[in-house]
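Notes follow the structure.
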């Protein structure tokens, strides 16, 4: 079992303790369900401003990596230079719509950032739904460990819209599939995903974001079904070649037609 740490930079001490307990309960099940070994796990509770700072620094490292050997035009260099500040601005605006944010640290280790107030806004503070958040965070970090950070977190350059970003969709589908498989085992019961009453704070902004991300739930459901079909048909060992085999990651067309992608799996 890998080491697991919860860093708390907020007043939410009780939440940090609950997450720490859930990590210990969930980690064995995530490894069993996914067939992936967890790397050293870090989850940090942060304020919105701390999220913006950390995400900006992560974006700077990622874009430097992704463009290191490219001959960029002047316009592209300006775009690249602006990306860290744009990332910070996005984090300051979108934090209440994200249950967690995956980054890679300066030494390449995965770290999951959680804004406690975002969990409240999203209605994810009940014990069972908080468990799903922790399981999905662990699944993402397992992905990073499995691919040594080459596939996940997804490249940030060139810039791709969420609707066209097959890698991120596949990653999210895998995390939700893992949650569907592991969380009932951890809790000993099925998870109730019915809507919870949310605070009125930021209601207008949440409604705007819901409209802006109207296609996200549909893409997530398709990617989750893709993973389920692939694992069922090929088995975990063959499926997990995706994390280690260059060029095997599914494209958008593959997410729509899993049978063709499954036929290309090694072994």
Does residue 10 count as in contact with a strand residue (DSSP E or B) (Cβ under 8 Å, 6 or more places away or on another chain) and over 21 Å from residue 155 (Cβ atoms)?
yes
Number of positions in segment 244-267 that are touching a helix residue (DSSP H, G or I) at 6+ places or on another chain (Cβ under 8 Å), over 23 Å from residue 155 (Cα atoms) and part of a loop (DSSP other than H, G, I, E, B)
2
Test result for residue 71, surrounded by fewer than 14 Cβ atoms within 10 Å (Cβ to Cβ) and either in a loop (DSSP other than H, G, I, E, B) or out of contact with any helix residue (DSSP H, G or I) (no Cβ under 8 Å at 6 or more places or on another chain) (or both):
yes
Could you grab me the full set of residues in segment 46-68 that are part of a helix (DSSP H, G or I), in contact with a strand residue (DSSP E or B) (Cβ under 9 Å, 6 or more places away or on another chain) and surrounded by 19 or more Cβ atoms within 10 Å (Cβ to Cβ)?
51, 54, 55, 58, 59, 62
Only one of 81, 137, 89, 146 is closer than 29 Å to residue 13 by Cβ and assigned to a helix (DSSP H, G or I). Can you tell me which?
137
Has segment 164-182 got any residue that is more than 22 Å from residue 67 (Cα to Cα), at pLDDT 95 or above and part of a loop (DSSP other than H, G, I, E, B)?
no
Kindly provide the set of residues from segment 139-161 that are farther than 18 Å from residue 58 by Cβ and within 9 Å of the chain's Cα centre (by Cα), ordered by number.
139
Only one of 169, 164, 109, 143 that is over 27 Å from residue 40 (Cβ atoms) and in contact (Cβ under 8 Å) with a residue 12 or more places away in the chain
164
Could you list, in sequence order, all residues of segment 1-31 that are free of Cβ contacts under 8 Å to residues at least 24 places away in the same chain and either within 19 Å of the chain's Cα centre (by Cα) or in a helix (DSSP H, G or I) (or both)?
13, 14, 17, 20, 21, 24
Select from segment 79-93 the residues that are touching a helix residue (DSSP H, G or I) at 6+ places or on another chain (Cβ under 7 Å) and crowded, with 16+ Cβ neighbours inside 10 Å and list them in ascending order.
80, 83, 84, 87, 88, 91
Restricted to segment 111-126, and to residues that are outside any helix (DSSP H, G or I) and in contact with a strand residue (DSSP E or B) (Cβ under 6 Å, 6 or more places away or on another chain), which residue is surrounded by the most Cβ atoms within 10 Å (Cβ to Cβ)?
114
What single numbered condition from (1) closer than 24 Å to residue 177 by Cβ; (2) exposed (fewer than 13 other Cβ atoms within 10 Å of the Cβ); (3) at pLDDT below 95 fails to hold for residue 37?
(3)
Being touching a helix residue (DSSP H, G or I) at 6+ places or on another chain (Cβ under 8 Å), touching a residue at least 24 places away in the same chain (Cβ under 8 Å), surrounded by 16 or more Cβ atoms within 10 Å (Cβ to Cβ) and assigned to a strand (DSSP E or B): is that true of residue 43 here?
yes
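The values are calculated or read from the model by the stated rules, or taken from the named source; none is laboratory data. As the structure is a prediction and not an experimental result, all values here were calculated from the model. As a convention, Cβ positions derive from the backbone with ideal geometry for all residues, glycine included, and neighbour counts pool all protein chains shown.
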